[in-house]
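Okay, handing you the structure first.
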Amino acid sequence: MPLDFQLEQLKKEGWKLRTITDEQGRNYQPSITDKEQLLVVIDGQIIVWINRDQAICQAGKQVIIPARTLFWMQVGADGCVYLLGER
């Protein structure tokens, strides 16, 4: 699915999107988000833990983090570019 089409579809679904570029090895400490979040990896790798479940996310992978859920993340060795959406 082309990225442009995917972006338009996500916006229609109510996601407010922004692009994030993280350097290699960045760690996000455990936190709880008030809103539902969506990560769509464009390039690189990021590991996401939701509660105690782990998802290794590479280009093309999408992960939804439910609202009021404990999560944390670690960026891979080559960094990561991803879309972050909230709704």
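The values are calculated or read from the model by the stated rules, or taken from the named source; none is laboratory data. The shown structure was predicted, so the numbers you read here are calculated from the model rather than taken from an experiment. Quick reminder, even Gly has a Cβ in these numbers, built from the backbone with ideal geometry, and neighbours come from all protein chains shown.
If I ask for residues that are in contact (Cβ under 8 Å) with a residue 24 or more places away in the chain, loosely packed, with under 12 Cβ neighbours inside 10 Å and not in a strand (DSSP E or B), which ones from the stretch 47-78 would you list?
R68
Related question: Using beta carbons and a limit of 9 Å, which pairs, at least six apart or on different chains, have the first residue in the stretch 1-29 and closer than 16 Å to C57 by Cα and of a type in the set (G, A, S) and the second one surrounded by fewer than 11 Cβ atoms within 10 Å (Cβ to Cβ) and at pLDDT 95 or above?
Short answer, once both residue conditions are applied: G25/A77.
Conditions first: (1) surrounded by 15 or more Cβ atoms within 10 Å (Cβ to Cβ); (2) of a type outside the set (F, W, Y); (3) not in a strand (DSSP E or B). D34 passes all but one, so which condition is the exception?
Condition (1) is where D34 drops out.
Taking the criterion of being among the β-branched types (V, I, T) and loosely packed, with under 12 Cβ neighbours inside 10 Å, would at least one residue in the stretch 4-19 satisfy it? Quick ask: steps written out before the conclusion?
First pass over the stretch 4-19, keeping only residues among the β-branched types (V, I, T): 19.
Checking which are loosely packed, with under 12 Cβ neighbours inside 10 Å leaves us with 19.
Yes; the residues of the stretch 4-19 include at least one that is among the β-branched types (V, I, T) and loosely packed, with under 12 Cβ neighbours inside 10 Å.
OK, next. Could you say which residue among G14, G44 is small (G, A, S), on the phi > 0 side of the Ramachandran plot and in a loop (DSSP other than H, G, I, E, B)? Walk me through how you get there before you give the answer.
Details: G44 fails: in a loop (DSSP other than H, G, I, E, B).
Going through G14, G44 in turn, the sole match is G14.
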